[in-house]
Amino acid sequence: MTEADIDAVSAVRVHGWQSAYRGLMPQAYLDAMSVPADAEQRRSWFGHRSPEVSDLVAERDGTVIGWASLGPAGDPDLAPGPAELPASRPTAGELLALYVTPDLIGTGVGRTLLTAATARANGYRTLYLWVVRGNTRARRFYERAGFVPDGAHQTYEVAGHHVPEVRYRRPLTPEPDGPPPAPSPRSAP
């Protein structure tokens with residue numbers, strides 16, 4: 001992703017929210033979402049983001065049709081422990097976002113973005129993500145990709161409405177005394 005992609009990424013994100021979260025979040029909130037406002041926020045954030053965050057776009061014929069973001073896991077319970085050295089390099093990554101133009105969901109764009117993001121997870125032993133509990137389509141997608149709920153839950157507020165989320169995890173390297181990581185599909189570079 002480059003700064004020139006910001007408007008297109010904001011359109012994918014806003015339309016993705018409006019489609020995926022219909023019935024899960026207040027409709028007035030979703031209707032009030034604005035691509036220009038999201039792009040303005042994203043521009044402000046883009047120049048100051050952590051160098052450990054990778055933002056990727058999927059394009060078709062030069063048009064952005066999907067966006068994924070990956071970085072270090074932000075949850076306090078996933079911080080590196082004393083046995084994990086170097087402590088400055090987190091061993092848990094987080095898929096911070098993955099959105100596809102709504103009419104292209106189910107065409108492989110999301111899978112390709114997830115594969116590309118996972119390939120950039122260098123050094124992470126495990127990849128985590130949060131998904132809205134009622135978003136069954138997304139949950140099925142992540143479960144088919146080898147993610148499993150890890151038992152963590154959180155709720156955040158959207159326009160006075162409490163939205164429950166479930167945390168998922170997927171090992172990227174074999175865990176001691178555990179199964180190997182789930183296979184990931186191949187994609188072109």
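Every read-out reported here was derived from the displayed coordinates using simple, explicitly stated rules and does not represent laboratory data. Given the structure is predicted, the values throughout are model-derived calculations rather than measurements. Please note: Cβ atoms are built from the backbone with ideal geometry, for glycine as well, and neighbour counts cover all protein chains shown.
Pairs of alpha-carbon atoms within less than 8 angstrom and 6+ residues apart define the contacts here; what relative contact order does the chain have, in percent? Intermediate results must be reported in sequence, preceding the final value.
Values: 295 pairs, mean separation 35.5, N = 189.
RCO, the chain: 19 percent.
Where a ≥ b ≥ c are the square roots of the eigenvalues of the C-alpha gyration tensor, would you call the range 1-154 rounded, which needs a/c under 1.5, or, failing that, prolate if a/b is larger than b/c, or oblate? Could you put the intermediate results ahead of the total?
Numbers: a/c = 1.61, a/b = 1.36, b/c = 1.19.
The shape class here is prolate.
Residue separation times 0.36 nm, minus the C-alpha to C-alpha distance between S19 and N122: what's the value?
Values: separation 103, 0.36 × 103 = 37.08 nm, distance 3.18 nm.
My answer for the length gained is 33.9 nm.
Label points 7 Å out from Cα along the Cβ direction at A159 and S34: separation in nm?
Reported label-point gap for A159 and S34 is 1.5 nm.
Please give me the summed charge of the neighbours of V166: other residues whose Cβ is under 12 Å from its Cβ, Lys and Arg +1, Asp and Glu -1.
Working: positive: R133, R139, R167, R169; negative: E143, D150, E165.
Once all neighbours under 12 Å are counted, the net charge is +1.
Determine, for R170, R60, the number of other Cβ atoms within 10 Å of each Cβ, and report the residues in order from fewest to most.
Numbers: R170 23, R60 12.
Fewest to most other Cβ atoms nearby, the residues stand as R60, R170.
Between R49 and D150, what length comes free when the chain is fully extended (0.36 nm per residue of separation minus the Cα-Cα distance, one decimal in nm)?
Numbers: separation 101, 0.36 × 101 = 36.36 nm, distance 2.75 nm.
Net length gain for the segment: 33.6 nm.
Mind sorting E94, E143, E52 by how few other Cβ atoms lie within 10 Å of their own Cβ, fewest first?
Numbers: E94 24, E143 15, E52 12.
Neighbour counts put them in this order, fewest first: E52, E143, E94.
Taking the Cα centre as origin and putting +1 on Lys and Arg beta-carbons and -1 on Asp and Glu beta-carbons, what dipole magnitude results for the range 3-171, to the nearest 20 debye?
580 debye
Just to be sure I understand: with springs between alpha-carbon atoms less than 10 Å apart, which residue in V57, V12, V158 has the highest mean-square fluctuation in the Gaussian network model of the chain?
Maximum fluctuation in the GNM of the chain, among the listed residues, is at V158.
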